[in-house]
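Q: The structure under discussion is supplied below as structure tokens; questions concerning it will follow.
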Amino acid sequence: MTAKKKSCLALLILASGLVVNPSAQPSLSRPGPEKLCSVDTASSFQVDTVGSTPDSNGFISIFDGNSFKGWWQNCLSSHSSSDRTRGAIWRVDSTHHAIYAMSRNGVGGLLSTHKRYAHYELMFMWWPQYGNDGGVFNRYTITSSTSVAANQMVLDYLGASGILSYYSENFPGGRNGRPWSYNSPTSIAIPGSGGGPGSGGTPYINDWTQSTKSRNLITGYGPTDIGCAATGCVQQDYLRLWNTNGWMQIRQIYYGGLTTHQPASVTSPGDKIHEFTFFRKHYPLNDTNLTTHQLLNDTAKWITVVQDSMVLNASDAAQLQRVNPFAFQVHTGDRYVFESNGGKGSWYADIKIRELDSLGTPVPFKSVAINPASKNVRYDLQVVSGAIVGSMDLDHLVTVSDLQGHVLQSYTGLAGRNIRHDLPSYAGLMLVKITTMRGNQVLRAQGSAR
């Protein structure tokens, strides 16, 4: 076949909505029964039924790899309007230790947690099929027998849309922004659609190049630390960093929006919802059985997609002051490649969560018993030219204070290398306390009024 004919065939496949390489994903090996539609009203069900010990960063597993313990399918939204008994197709494959999601010939649904969450950090493995539309419905509310409201983290892996940004599903504020827009699995347009600069001057949520141009607030990485130009990441970087044919690890930090007051930097009345999203490659391309979960070191770099916040006015805050489940979505209609067309679904694995306080600080960091003598943290952070630089093998909380104990700066950092966080402008000696689940360390820094 000539190159021209191959090109035409590829365009035909994309235009028809078929997948580019349907054999790439795992096949269902040992699937359990489907998770059909149900209702979650009894308080006894509103708990996480998966027993798990926190890992070294305080994350708790909420999927056991073999069952739907702790999960139910909500079919009250418009995504299940044509079949409120079966909803979307959700199965657990105990060989892959993963959840398989698929549209039921156009019928979608929401795989929801029993447990309600307020402020949290979510991590999971994801292997999508191009042509599928999903999402994470954060802290969603059932608004009627046929509708839900959610601030969605977008998982749209299909043309003219993008992954890992905002979409307001019947949610106040009308947020809708994509960091890039897909032309095909290997071609994206930057900027994407919607969005614009986030509230309070945070980086753009519809322009991945702009979002990666500045040093990230949480990872401490600048664009050159992840191999991009100083002007920000472009399509070639996306193709280098995103696994178009295998597992990706997704991370979302979501907090705020449940009180009517925040620090003075937030306009009152109201509150801010903050959302940060990241991704990184996790497994080899041929690891279809998830046999190498432990190969990735915590210091692998997280790639920024979104740093954003939205201000809620008083009426919005009153409506949304709820602690609610989150859910994975299968979209309704033709925004999923049907099985009858040779398509496959989306896979989810290694799902875990870390609860935060209302300001985004991991709760375990505040409650863990600290004993530096026996639980020293391995790190090589040091103060250089008015910044904390180096590497850290765990997620951490950094608190900078003066000698009188007044806090000058506080932030949560992710494990990684090539970290850099600027110290506050302060003329005098500062104490830099680094806290993790394993213990804490203190550095001394001589500040200057810059």
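The values are calculated or read from the model by the stated rules, or taken from the named source; none is laboratory data. The model shown is predicted, which means the values in this text are computed figures rather than measured ones. Glycine gets a Cβ as well: all are built from the backbone with ideal geometry, and neighbour counts include every protein chain shown.
Q: Which residues, taken from segment 85-120, are in a loop (DSSP other than H, G, I, E, B), surrounded by fewer than 24 Cβ atoms within 10 Å (Cβ to Cβ) and at pLDDT 95 or above?
A: THR85, ARG86 - these are the residues of segment 85-120 that are in a loop (DSSP other than H, G, I, E, B), surrounded by fewer than 24 Cβ atoms within 10 Å (Cβ to Cβ) and at pLDDT 95 or above.
Q: Being more than 22 Å from the chain's Cα centre (by Cα) and either without any contact (Cβ under 8 Å) to a residue 24 or more places away in the chain or closer than 18 Å to LYS69 by Cα (or both) is the filter here; which residues of segment 92-112 pass it?
A: ASP93, SER94, THR95, ARG104
Q: Still on this structure, please answer the following. Of all the residues that make up segment 121-162, how many are aliphatic (A, V, I, L, M), in contact with a Ser or Thr (Cβ under 9 Å, 6 or more places away or on another chain) and in a strand (DSSP E or B)?
A: Within segment 121-162, residues that are aliphatic (A, V, I, L, M), in contact with a Ser or Thr (Cβ under 9 Å, 6 or more places away or on another chain) and in a strand (DSSP E or B) number 7.
Q: Here's a check for you: in segment 345-361, which residue that is in a loop (DSSP other than H, G, I, E, B) and touching a Pro at 6+ places or on another chain (Cβ under 9 Å) is farthest from GLY413 (Cα to Cα)?
A: That would be GLY345.
Q: Same structure, new question: Would you check if there is a residue in segment 67-89 being without any contact (Cβ under 8 Å) to a residue 24 or more places away in the chain, under 30 Å from LEU414 (Cβ atoms) and of a type outside the set (A, V, I, L, M)?
A: yes
Q: Here is a follow-up. On the basis of being surrounded by fewer than 17 Cβ atoms within 10 Å (Cβ to Cβ), over 30 Å from the mean Cα position of the chain (by Cα) and of a type in the set (Gly, Ala, Ser), does ALA427 make the cut?
A: yes
Q: Within segment 172-179, can one find any residue that is among the charged types (D, E, K, R), within 14 Å of VAL306 (Cβ to Cβ) and touching a strand residue (DSSP E or B) at 6+ places or on another chain (Cβ under 8 Å)?
A: Yes, segment 172-179 contains a residue that is among the charged types (D, E, K, R), within 14 Å of VAL306 (Cβ to Cβ) and touching a strand residue (DSSP E or B) at 6+ places or on another chain (Cβ under 8 Å).
Q: Same structure again: Listed residues GLY109, GLY134, GLY65; which is in contact with a helix residue (DSSP H, G or I) (Cβ under 6 Å, 6 or more places away or on another chain) and assigned by TED's automatic domain parsing to the domain that holds TYR182?
A: Going through GLY109, GLY134, GLY65 in turn, the sole match is GLY109.
Q: Separate question: List the number of the failed condition for VAL305; all other conditions in (1) surrounded by 14 or more Cβ atoms within 10 Å (Cβ to Cβ); (2) at pLDDT below 90; (3) in contact with a Leu (Cβ under 7 Å, 6 or more places away or on another chain); (4) over 23 Å from ILE62 (Cα atoms) hold.
A: The number of the failed condition is (2).
Q: Shifting gears a bit: Looking at segment 22-60 only, could you name the residues that are under 30 Å from LYS366 (Cβ atoms), modelled with pLDDT of 90 or more and outside any loop (DSSP other than H, G, I, E, B)?
A: ILE60
Listed here are the residues, each with its yes/no results for (1) modelled with pLDDT of 90 or more; (2) in contact with a Cys (Cβ under 9 Å, 6 or more places away or on another chain); (3) of a type in the set (S, T, N, Q); (4) within 21 Å of GLY220 (Cα to Cα).
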position	(1), (2), (3), (4)
LEU312	no, no, no, no
ALA317	no, no, no, no
HIS331	yes, no, no, no
SER374	no, no, yes, no
TYR379	no, no, no, yes
VAL383	no, no, no, yes
VAL389	yes, no, no, yes
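Q: Using beta carbons and a limit of 9 Å, which pairs, at least six apart or on different chains, have the first residue in segment 432-449 and closer than 18 Å to LEU403 by Cβ and the second one of a type in the set (Phe, Trp, Tyr) and assigned to a strand (DSSP E or B)?
A: Sorted first by the residue in segment 432-449, then by its partner, the pairs are ILE434/TYR379; GLN441/TYR379.
Q: Right, something else. Could you please let me know if ILE218 is of a type in the set (Val, Ile, Thr), crowded, with 18+ Cβ neighbours inside 10 Å and part of a strand (DSSP E or B)?
A: In short, no.
Q: For segment 387-407, name all the residues that are surrounded by fewer than 20 Cβ atoms within 10 Å (Cβ to Cβ), closer than 30 Å to PRO54 by Cα and hydrophobic (A, V, I, L, M, F, W, C).
A: VAL389, LEU397, VAL407
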